[in-house]
Each structure stands twice: as C-alpha cells, then as structure tokens.
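Heads up, the thing below is written out as structure tokens.
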Amino acid sequence: GAAAVGKRGGRRGTATEAAGGPTPVRNVVFMGMGEPLNNYRAVTSAVRLLTDASLFGLRASSVTVSTVGVVPRMRSFAADLPGVSLALSLHAPTQHKREAIMPAARAYPLPRLMGALEAHMAAARPHTPTSRVAMVEYIMLRDVNDAAEDADALAALLSPHAHKLMVNLIPYNPTDATPEYRRATEANTSRFMATLRGAGVLTMVRRTMGDDIAGACGQLVRQQERFFASRRRAGEEGDASGKGEGGRAGSFSPGDMEDLYVAANSARTARATAAAAPPAPTRIASPAPAPLSPPPLSSFSAPSRPAGGCDGEGCDGEVPPVAAAATDGATLSIRRVALAAATAAAALAALWAAAPPLGADGEG
C-alpha cells in the first residue's frame, strides 16, 4: 500500500509552526495503491517506524490502514498494531452488490467480513473512550449504490457498532478505466448521510481535491498506469532497435522496511545501553621519571690515602703491599655494587614508563 499524508489530528502548536516553519505530518493513511494487508510485513514495519517515539513519533490513532477485506489479516491486525485505525472498503450493504462493484469481495462473504471487523473493534485500543477504531469507506456511485434502500440497509448493518466506527462517503472521481460509473449527485449524497446519522452512525463526506488535474483519489493510479505503459512501449521499441535500456528498475523488497525498523531499534538499544553504563573511572596520568643510565666506572675512585703521613701500617705516603691489595679489592667491589644498583634503577624507570596510569581509586 502507499502512504498518503494529512494535516489534521496529532500534536498541535509546535515550535516549528509558531516560527512559521513547515507544518509537520500529523496523519498517515495507507490507501489507494494496492491492498496493504497483502503486503502485511512491510506495512506493519512501516507503521511501527511511524509510531516509534524515537523516530517519527506519530500517535497510533493518527495512522490508518485501508483494506478491501482480507479477513485473516484483519483478525491479527489489532493484536499486531494496537491503537492503529482500520478502514474497510465496503462500498455496498449486500454481498451481491459488493461483488458487482469489487470482484475481490468474492473471496470473503459479507458475514465473515463483518465478523472480522467486529473482532478488530473488540481487540483495538481506542485513543480516547469515544474514539472510533474503524472506518467504513463507501464510494457513492449514481444509480448503483446510492438509493434510499441502500442507505437503510447500510444503517441496519452498521448501527449496532455505531460507537466504535464511522462512515466516510466518497464521491466517485471519473476515470476512463470505469466509464460505466458516475458520481452520485450531491442531493443523494446528503440524503444518504442523513439516513446514517439518523441511525446514530457518525458519517462524513470526503472532500474531493485534485480532480481538475486528474490527481484525485482513484485517478492517479490511471496516470501511473499510462506512464509505465508508455515506458514499456518505449523499451520494446528500443530493444527492437538495439537501443533499449535492457532491464527493469529495482523494486522495493517487502523485507526492506522491516530491516529498517530492526536497524533503527538496534541503534536505539545501543544508545540506551551506552547511556545506562557507569562512567569510566578518571585515570590520573603519573609523569614518568627521567630514564636513568648506569654511571661510568670512572666516576668511582679508590679511597684516598693520606699524603705524607702514616696509615697505621706504613709511613711516608706509602701503603704496605698487603694493605694496598686489600684496598684495590674493596674499590673493585664498590664499583660492581654501584653498577648493579644503577642498572636496576634504569630497569625500574623503564617499567614505570611502560605501565598504564593509575585510576582514581589507585588501581591500574
């Protein structure tokens, strides 16, 4: 199905509007470009994107999905998308007339269709206690379904559910696809609406826009069909002359919208997880000491001997041979100890420089 946008309902008085900016989208309707419930997975994923508070943020009641009456999907719709409105293209109060207007009605008899609508209304979640959770669409065709008896039959069919649904009467927009149909007169449409309202059924007449440029509801699809038919003819002519494009443009996969929703939901979960995680401890960077190098051996000297005196063992500045040997051995030992200590200090300095800084709690 295709999404059409409106301007009523939803949030009002936003800062964007107050500043004279563009009016935000408030309503979205899946209608008029194929059967949405036959593309169920993509449509439900799109609706979830539109109603996700972290994305488009539309209220569920501001989104409507239209159907010709795919009964199994209607029954699961309210469970899968609670609060989202369902619009049923009824167009006739009896099975015979409905089949004559829309051949798809042959798949599901009217009693089954109304049973599915009732099940949806029972399971749906209204936005307010008085909100309608379903809409019945009824196209007004002159001398086909606009007679007084049609209005009476429709009122009898819908009045038991008047508190949960509304009726939208749709003026027919002529196209060359169905030249046998004409728009009902305004007088007949007004009488039809009065009959339904008299039975307690909330009824509105859709305002037609764009019919002067063949852009009204039901007319755009004919324009699209003509456009693609001309493209096909041009492609066939091009292929015959060897100048065709030789291929069809890629189409949108039914799973693409669901993938978009899954990706957006994963990103939101990641953001929430990151926001809930405790902050990392502040790490205090400790300045590393300057690297140390072992001092040269020449910086260590033997103990000085007394000049011109005695050292207990010898006199006149001379050290006895035995004492001199002992002194030289002590000097060598001191040098080795100093060298080992300096080397160890340099190694510790290198380890200190490579170690990670300490946290605020003193742990690395």
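Just to verify a number: FRET efficiency for ALA229 and ARG142, C-beta to C-beta distance, R0 = 25 Å, to 0.05?
Working: r = 29 Å, r/R0 = 1.16.
Given R0 = 25 Å and the Cβ-Cβ separation, E is 0.30.
Largest first and in whole Å, what are the equivalent-ellipsoid semi-axes of the range 24-223 based on the Cα gyration tensor, each being the root of 5 times an eigenvalue?
On the way: eigenvalues 136, 82, 56 Å².
So the equivalent ellipsoid measures 26, 20, 17 Å along its semi-axes.
Between GLU149 and THR23, take the C-beta separation as r, use R0 = 41 Å, and let me know the FRET efficiency to the nearest 0.05.
Working: r = 43 Å, r/R0 = 1.04.
Once the sixth-power term is evaluated, E becomes 0.45.
How much length is gained on full extension from ASN38 to THR269, taking 0.36 nm per residue of separation minus their Cα-Cα distance? Mind dumping the intermediate values first?
On the way: separation 231, 0.36 × 231 = 83.16 nm, distance 3.04 nm.
Contour length minus Cα-Cα distance gives 80.1 nm.
Quick one: what are the phi-derived ³J(HN,Hα) couplings along the range 172-189, Karplus 6.51/-1.76/1.60 with θ = phi - 60°, whole Hz, x for glycine and proline?
Each residue's phi maps through the Karplus curve to give 6, 9, x, 9, 6, 6, 9, x, 6, 9, 9, 6, 5, 5, 4, 5, 5, 5 Hz.
Got the relative contact order for the range 24-223 handy, in percent, Cα pairs under 8 Å and 6 or more residues apart? If you can, show how the numbers build up before the last one.
Values: 318 pairs, mean separation 33.8, N = 200.
It comes to 17 percent, rounded to a whole number.
Accessible area per residue for the range 24-223 in Å², computed with a 1.4 Å probe and the full protein assembly in place, what is it? Mind showing how you got there, number by number?
Values: 9190 Å² over 200 residues.
With the other protein chains kept in place, the range 24-223 gives 46 Å² per residue.
Measure off 7 Å from each Cα along the Cα-to-Cβ vector at ARG125 and MET204, then give the distance between these two points in nanometres to one decimal.
Going from the ARG125 label point to the MET204 one covers 2.3 nm.
The values are calculated or read from the model by the stated rules, or taken from the named source; none is laboratory data. None of the values given here were measured: they were computed from a predicted structure. Note: ideal-geometry Cβ built from the backbone for every residue, glycine included; neighbour counts use all protein chains shown. Accessible surface is based on the protein model in full, side chains and every heavy atom, while ligands, DNA and RNA are left aside. Shrake-Rupley method; radii C 1.70, N 1.55, O 1.52, S 1.80 Å.
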